[in-house]
1. How high is the FRET efficiency between Glu10 and Gln176 when r is their beta carbon distance and R₀ equals 30 Å, given to the nearest 0.05?
2. Just tell me the longest site-free run in the chain, where the sites are trypsin sites (Lys or Arg not before Pro) in a DSSP loop having at most 11 other beta-carbon atoms within 10 Å.
3. Based on DSSP H runs of at least 4 residues, each adding -39500 (n - 2.57), what is the mean residue ellipticity at 222 nm of the chain after dividing by all its residues, to the nearest 500 deg cm²/dmol?
4. Let me know the charge dipole size of the chain about its Cα centre in debye, to the nearest 20, where only the beta-carbon of Lys, Arg (+1) and Asp, Glu (-1) is charged.
5. Scanning the chain for GluC sites (Glu not before Pro) in DSSP loops with at most 13 other Cβ atoms within 10 Å, what's the longest stretch left with none?
6. When the chain is fully extended, how far beyond the present Cα-Cα distance does Glu138 get from Glu169, taking 0.36 nm per residue of separation?
7. How many Å² of accessible area per residue for segment 61-166, probe 1.4 Å?
8. Using a Förster radius of 22 Å, what is the FRET efficiency between Gln104 and Ser53 based on their Cβ-Cβ separation? Nearest 0.05, please.
Amino acid sequence: MKILKSLSFEEANTNSQEIFSAVKGKIGMVPNLYGAMGTSDKLLGGFLSFSESLKSGELSAKEYEAVALATSQANDCAYCISAHTALSKMNGFTEEETLAIRDQSIADSKLSVLVALTNELIDLKGKPTTTTVDRFFEEGYNKAAFAEVIAITALTTITNNVYHNGGFEIDFPKAQNIEELQLT
C-alpha cells in the first residue's frame with residue numbers, strides 16, 4: 001500500500017510550499033522524496049534541518065554519503081540507493097567505490113569500518129559488536145562521530161521508510177543492482 005505520494009507545490013500546505021521553494025532555489029528541483037515528506041511540513045523541515053546540522057559534524061561529506069548509502073542498501077531502498085549513489089559521486093567516489101560500499105567490500109580501512117558499523121546498527125538493532133566499535137575508534141573516529149553515525153543511519157532510515165510507503169518515481173539516475181553484478 002502506497003500512502004505517501006509526492007505532492008505538487010499546489011497540493012502542499014503553506015509551510016511545505018515555503019520549504020519546497022527553498023529546496024528548489026538551492027538545488028534546482030524538489031526531489032520526489034521531499035515532495036512525499038512534505039505531506040508533513042514538520043517532517044520535511046525537521047529532516048532538512050537535522051541533516052544539514054549533521055553535515056557540518058565530525059564526518060566528511062564522503063563519509064556522510066558512505067553511511068547514507070550503506071544504510072539505504074541495508075534497508076533495500078531503491079530510491080535512496082540511487083540518490084546517494086549520485087551524491088556519493090558528487091562527493092568524490094567512483095562508481096566502483098559506491099558499489100563496494102553497498103556490498104561491504106570497500107578497500108579503504110576507515111570507510112570499511114564505517115560501513116560495517118552502519119550495517120551492524122541496522123542488522124543488530126542498534127547494538128554493534130565490540131569488535132566493530134573498537135575498530136571504529138582505532139581508525140581515529142571519536143565518540144561524537146559514533147553518535148553522528150547513529151543519527152545519519154536513523155535519518156536515512158526515515159527516508160528509506162518514506163519511499164517504501166510512497167507512491168513516487170525515482171528522479172535520480174537509477175543505481176546499478178548489486179545483486180546482478182554479483183552474478184557476473
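The values are calculated or read from the model by the stated rules, or taken from the named source; none is laboratory data. Since we're looking at a predicted model, the values are computed, not measured. A quick note on method: Cβ atoms are made from the backbone with ideal geometry, for glycine too, and the neighbour counts reach across all protein chains shown. Accessible surface is based on the protein model in full, side chains and every heavy atom, while ligands, DNA and RNA are left aside. Shrake-Rupley method; radii C 1.70, N 1.55, O 1.52, S 1.80 Å.
1. 0.25
2. 3-124
3. -20500 deg cm²/dmol
4. 400 debye
5. No qualifying site falls inside 12-168, the longest such stretch.
6. 7.0 nm
7. Each residue of segment 61-166 exposes 42 Å² on average to a 1.4 Å probe.
8. About 0.20, to the nearest 0.05.
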